[in-house]
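Have a look at the structure below, then the notes.
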């Protein structure tokens with residue numbers, strides 16, 4: 001696996017975990033605890049995601065230019081979806097960080113978070129399958145070799 005693929009897979013895994021495990025769990029917290037937890041997560045992801053996201057967008061767009069047909073299209077769509085984070089989810093992150101958990105309206109908070117969840121879900125479901133398939137030509141033969149090789153059992 002080359003560096004571009006590794007970067008894309010790391011980001012896709014992070015996004016999938018956030019969408020499928022972390023955020024559904026946070027919905028179970030009361031308003032104040034959920035806001036505090038979201039703020040902590042936003043700050044933590046803010047220290048990692050700008051670099052990982054930028055590298056992934058560049059990697060997907062570079063890969064799209066060098067691939068043909070379906071693989072190139074998938075890589076391009078993945079790059080666009082990751083870039084969509086900047087205009088869709090990022091403004092919501094800013095609102096989350098500025099939210100007053102003591103005096104903020106819980107209904108408005110839920111509306112904001114549901115919008116973020118929808119955007120994140122669409123982007124995650126669009127990009128998670130795209131990361132490995134954007135490199136399909138390079139890893140398909142090695143998978144076939146592994147599947148054709150009998151398992152060595154102990």
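Among 21, 92, 7, which comes first, then next, by fewest other beta-carbon atoms within 10 Å?
So the residues, fewest neighbours to most, are 21, 92, 7.
With a simple spin-label model that places each label point 7 Å from the Cα along the Cα-to-Cβ direction, the separation between residue 73 and residue 125 comes to 2.0 nm. From least to most packed, judged by other beta carbons within 10 angstrom and beginning with the fewest, 25, 124, 54 follow the order 25, 54, 124. Between residue 28 and residue 45, residue separation times 0.36 nm minus the direct Cα-Cα distance comes to 4.0 nm. Each residue in 39, 28 was given a count of other beta-carbon atoms within 10 angstrom of its own, and listing them fewest first yields 28, 39.
Placing dummy labels 7 Å off each Cα toward the beta-carbon, the span from residue 58 to residue 80 is 2.3 nm. Here the label points at residue 97 and residue 21, each 7 Å from Cα along the C-beta direction, are separated by 2.6 nm in the simple model.
Coordinate-derived values only; no laboratory data. Everything numeric here is computed off the predicted structure, so don't read it as measured data. Positions of Cβ are backbone-derived with ideal geometry, glycine not excepted, and every protein chain shown enters the neighbour counts.
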